[in-house]
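**Q** Handing you this structure, nothing more for now.
The values are calculated or read from the model by the stated rules, or taken from the named source; none is laboratory data. Because the structure is a prediction, the values reported are computed rather than measured. Here the Cβ positions follow ideal geometry from the backbone for every residue, glycine too, while neighbour counts run over all protein chains shown. Quick note on the areas: whole protein, heavy atoms, side chains included, nothing else; ligands and nucleic acids left out. Shrake-Rupley method; radii C 1.70, N 1.55, O 1.52, S 1.80 Å.
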Amino acid sequence: MKAVVLEKTEGTPGQVYYPLKATDLPIPTPAPTEVVIKILAAALNHKDLFCRQHLYPGVDFDIPLFGDGVGIVVAAGTPTLERQWKGKKVVLVPGRGWTSDPNGPETGNYATLGGTRFLPNEGTLQEYVAYPAEDIEDAPLHLTNTEAAALPLCGLTAYRATITKGHVTAGQNVLVTGIGGGVALNAMQFAAARGATVFVTSSSEEKLSKAKELGASAGVNYKVSDWEKQLAKLLPKSRPYLDAVIDGAGGEIVNKTSGLLKHGGIIVSYGMTLGPQAPFTIKALLKNIEMRGSTMGSRKEFADMVDLVRNKQIHPVISHVVNGLNNVDELFEIMKRGENFGKLVVTVSDEGDQAKL
Ligand SMILES: NC(=O)c1ccc[n+]([C@@H]2O[C@H](COP(=O)([O-])OP(=O)(O)OC[C@H]3O[C@@H](n4cnc5c(N)ncnc54)[C@H](OP(=O)(O)O)[C@@H]3O)[C@@H](O)[C@H]2O)c1
């Protein structure tokens with residue numbers, strides 16, 4: 001079967017950009033606790049770009065890339081698992097080693113799927129993958145293959161940031177920054193599904209308009225130096241403050257938003273696209289603002305996220321789709337140019353959406 005891995009070349013972390021390499025691997029046979037999944041579609045995450053730049057821990061040149069995917073179960077390690085799963089369309093939990101503790105992984109060995117040595121042989125950029133049966137969920141029936149492939153990693157990260165750490169509830173005002181991003185769009189959808197009023201930022205007027213079509217109340221362009229002042233004018237008179245900020249960019253986010261947040265407001269930081277720091281300020285401290293780090297999430301949060309998506313009939317936003325494992329490079333180029341609004345997906349099998357079971 002075909003798979004896509006990284007090709008090792010000379011270069012230092014941050015300077016290097018490893019090419020993609022197609023490789024042939026044997027179709028896996030399942031261990032007694034596993035199923036074999038025929039991948040239908042897979043999706044790119046920022047982490048995969050970091051792997052190519054050697055800025056992600058544990059980069060491995062033999063492990064297929066990508067942690068997002070949807071597929072059909074074609075085999076199982078025991079007759080019981082076969083009866084339970086064979087023929088079902090499933091999404092893969094994109095991390096391992098974290099059951100349910102809201103504070104973080106119980107094991108200290110949390111590993112994410114795709115491109116690293118921490119989960120050998122696993123990654124969704126291959127035609128078949130053997131996967132623990134306890135780490136799959138039925139794909140929500142209202143989703144197409146590309147939408148289902150787009151959901152796992154960003155959905156999980158957004159769920160933890162918005163619901164577990166952000167405590168977003170009905171009636172609140174929430175700011176989601178960088179709305180073109182996959183996590184940000186899910187965060188906007190989840191906050192809106194909770195009944196919050198959502199404000200967004202973006203580098204592009206077009207993306208701000210699209211976000212409003214998808215449920216954002218209003219937005220401002222973060223390229224404008226005083227965007228926080230513009231945002232202040234957009235807050236409703238009846239509730240002229242933010243309850244929470246869900247941020248994946250870092251940089252000056254505390255400085256920019258502490259004047260907008262209520263006393264005791266929450267800034268959830270799930271990423272630092274702009275660099276490895278986001279300084280806390282005395283102004284934020286004096287308002288009792290809490291800054292909370294947030295990562296992907298537990299197995300339980302994954303199941304809860306899939307339930308929310310199913311119950312509220314939420315559709316992940318798809319930016320671009322390419323067909324076939326040979327065309328994945330194009331997705332990386334789109335992400336590097338910042339052109340995406342939502343997720344970048346590759347269809348791996350030509351079974352298409354007829355495979356929706
Ligand atoms: N902690 C975790 O486990 C975890 C999991 C997933 C992702 N992440 C991190 O979260 C970040 C976003 O991930 P993603 O997959 O959603 O990436 P993505 O789809 O590539 O989105 C990145 C977005 O960042 C926004 N951005 C860039 N500069 C910005 C700025 N100055 N202010 C505000 N927003 C800015 C852009 O928004 P516009 O296009 O609207 O301008 C862009 O669309 C990455 O750093 C990623 O590594 C962390």
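**Q** In Å and whole numbers, how far do the C-alpha atoms of region 272-357 stretch along each principal axis, longest first?
**A** Largest to smallest, the principal-axis extents are 56, 34, 20 Å.
**Q** Another question, then. Quick one: 3J(HN,Hα) in Hz for region 338-349, Karplus 6.51/-1.76/1.60 with θ = phi - 60°, rounded, Gly and Pro as x.
**A** Running phi through 6.51 cos²θ - 1.76 cosθ + 1.60 with θ = phi - 60° gives x, 8, 6, 10, x, 8, 10, 10, 10, 7, 9, 10 Hz.
**Q** For a quick check of understanding: with a 1.4 angstrom probe and all protein chains in place, what accessible area in square angstrom does LEU25 have, to the nearest ten?
**A** 50 Å²
**Q** Starting from the Kirkwood radius over alpha-carbon pairs of region 156-293, derive D by Stokes-Einstein at 4 °C in a medium of 1.567 mPa s and give it in µm² s⁻¹.
**A** 90 µm²/s
**Q** What residues have an amide H closer than 5 Å to that of GLU34, excluding those fewer than 5 places away on the same chain, when H is modeled at 1.01 Å from N in the peptide plane?
**A** GLY77, ALA133
**Q** In what sequence, highest mean first, do 64-73, 166-175, 95-104, 121-130 appear when ranked by Cβ atoms within 10 angstrom?
**A** Averaged packing, sorted descending, gives the order 64-73, 121-130, 166-175, 95-104.
**Q** Might you tell me the accessible area per residue for the chain, computed with a 1.4 Å probe and given in Å²?
**A** About 42 Å² of surface per residue is accessible.
**Q** How much length, in nm to one decimal, is gained on full extension between GLU10 and ASN288, taken as 0.36 nm per residue of separation minus their Cα-Cα distance?
**A** 95.3 nm
**Q** Once the convex hull of the C-alpha atoms of the chain is built, how many Å³ does it hold per residue, rounded to a whole number?
**A** On the way: hull volume 46.3 nm³, N = 357.
Looking at the chain, the number lands at 130 Å³ per residue.
**Q** Counting only protein heavy atoms and a 1.4 Å probe, tell me what percentage of region 156-293's accessible area is made up of carbon and sulfur. Walk me through the numbers on the way to the answer.
**A** Working: 3070 of 5790 Å².
Carbon plus sulfur share of accessible area: 53 percent.
**Q** Please list, ordered by chain and number, the residues whose modelled amide H lies under 5 Å from the amide H of LEU55; skip anything fewer than 5 residues away on the same chain.
**A** Distant-sequence amide H within range of LEU55: GLY14.
**Q** Can you work out ³J(HN,Hα) from phi for every residue in region 111-124, in order, using Karplus 6.51 cos²θ - 1.76 cosθ + 1.60 and θ = phi - 60°, giving whole Hz and x for Gly and Pro?
**A** Going residue by residue, I get 10, 9, 7, x, x, 10, 6, 6, 10, x, 6, 9, x, 9 Hz, with x marking Gly and Pro.
**Q** On a 0 to 90° scale, report how tilted helix 299-311 is relative to the longest principal axis of the chain, with both axes built from alpha carbons and the result rounded to the nearest 10.
**A** The helix 299-311 is inclined about 80 degrees to the chain.
**Q** Can you flag which of LYS223/LYS343; LYS212/LYS283; LYS262/LYS336; LYS89/LYS212; LYS229/LYS287 are past 24 Å Cα-Cα?
**A** LYS212/LYS283; LYS262/LYS336; LYS89/LYS212
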